[in-house]
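Notes follow the structure.
The values are calculated or read from the model by the stated rules, or taken from the named source; none is laboratory data. This one's a predicted model, so the numbers in the text were calculated from it and none came from an experiment. Positions of Cβ are generated from backbone atoms using ideal geometry, with glycine treated the same way; all protein chains shown enter the neighbour counts. Note: areas computed on protein heavy atoms with side chains; ligands, DNA, RNA excluded. Shrake-Rupley method; radii C 1.70, N 1.55, O 1.52, S 1.80 Å.
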Amino acid sequence: MKHVIALDVGGTGMKAALLAQDGSVLFEARRPTGREHGTDAVVAAILDFAADLADEGRARFGVAPLAAGVAVPGTIDEKNGIAVYSANLGWRDLPLRKLLGERLAGPGGSAIPVALGHDVRSGGLAEGRLGAGRGVGRFLFIALGTGIAGAIGIDGRIEAGAHGYGGEIGHVVVRPGGPRCGCGARGCLETLASASAVSRAWAEATGDPDADAASCAAAVDAGDDRALAVWQRAVDALADGIVLAQSLLDPSTVIVGGGLAEAGDTLFTPLRAAVTERLTFQMPPEVVPAMLKDTAASLGAGLLAWDLLTLEVTA
C-alpha cells in the first residue's frame, strides 16, 4: 500500500504515523525526543525514528514510503527545508529536509521527497482536512498550550503569510502595557490566556506553587470564586483575541485545541458567551473544540508529504 512517513517532533516526545493518501493512519508510534542529551542527540533520534518507520512500512506493505513529512516547533524556512531556530530543542539553521532525505534514500541513493512544516500550522492543516474544520472554507485554529499559536485555514490549505509568521495570534496585544511576553512585547494574548498563564495566575491566587491550569478548571467546576476570577480573566483575553481575528480574517469557524481546551465546556461555554457579547458588526464564528488532540501535527506532517508528491506530479 502506498504510504508516507508523518512525524511530529515535540519538546519532549515525538509522535509518528504511516499515512495513506486518504489520511487514514496505517501505523502509529511514539518515542521520546531525548533533548536532555543535547541537540545532536535530538537530531539523531529524529533520523533514527524516521528510518525505523521506513523499515516498518517496507515490512508491512512491501514498499518504501513515497515521501516524508516532519513538523517541528520554532522558526522554520519551509521553502528551503531549514529548521531555523528552536529554543526547546537547541538547534539553529538545521538542514532537516536534506538530512532526512539522505537518511531515507533508497537503494540507488536517491533521496525521497521531504516536507518540513511548523507544528501548529501542520496541526491546523490536519484539523482543516480531517478534523473539526473539515468542509469549512475559512477557519482559524488556535492552540492553547504553554504558549498560544494559531493557523489560518483557507480552502483546505494553511496561509503562512509572506514571511512564515501568519496565524501568530498568541502575540496579538490584547492588554497594552500588560505582562511582559517572551517576544519582548507587553500584554500579548499568550501572557494571559495560555495554560501556563492560567497556571501562574492560579498559583498566585492560591499560594500553591504546584497549582496548574487543570486544577484551576476543576476549582471552577467546584464553584471556587478565586478560580472563577482567574478563569474569567483568561477567557476575556482569549475572547478579545478571537474578536480581533474575526474583524481581520472573518473565519466562519474558530477551532480551539491544546491542553487548555481539554477543560471542555468549562472553557467553551463562557468563551462563546464572551465572544458573542463583544461582536458588533462582525458575523459570529462557530467556536468549536479541536478533534484530533495531540495527533494533529503528525497527521498534518503526513498531509504535507502527500501534497509534496501531488505538486511533483503536476509540476
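Brief remarks follow.
- With the Kirkwood sum run over all distinct C-alpha pairs, the chain has a hydrodynamic radius of 20.2 Å.
- Percent carbon-and-sulfur accessible area, the stretch 81-154, ignoring ligands, DNA and RNA, probe 1.4 Å: 51
- Pairs of lysine residues in the chain that meet both criteria, 8 or more places apart or on different chains and Cα atoms under 22 Å apart, total 4.
- Helix 296-314 vs. the chain, principal-axis angle (Cα, 0 to 90°, nearest 10): 50
- Cα centroid of the stretch 108-165 to Cα centroid of the stretch 56-73, whole Å: 20
- Distance between the stretch 169-206 and the stretch 1-48 - C-alpha centres, whole angstrom: 31
- The stretch 79-128 - Rg over Rh from alpha carbon coordinates, Kirkwood radius: 1.06
- Over the Cα atoms of the stretch 1-129, the radius of gyration divided by the Kirkwood radius equals 0.94; this is the Rg/Rh ratio.
- The residues packed around residue 249, meaning those with a beta-carbon under 10 Å from its beta-carbon, carry a net charge of -1 if Lys and Arg are +1 and Asp and Glu are -1.
- Pair-distance distribution of the stretch 132-290: all C-alpha pairs, bin width 10 Å, starting at 0; shares per bin in whole percent are 11, 41, 35, 11, 1.
- Think of a 1.4 Å ball rolled over the protein heavy atoms: the chain then has 45 Å² of accessible area per residue.
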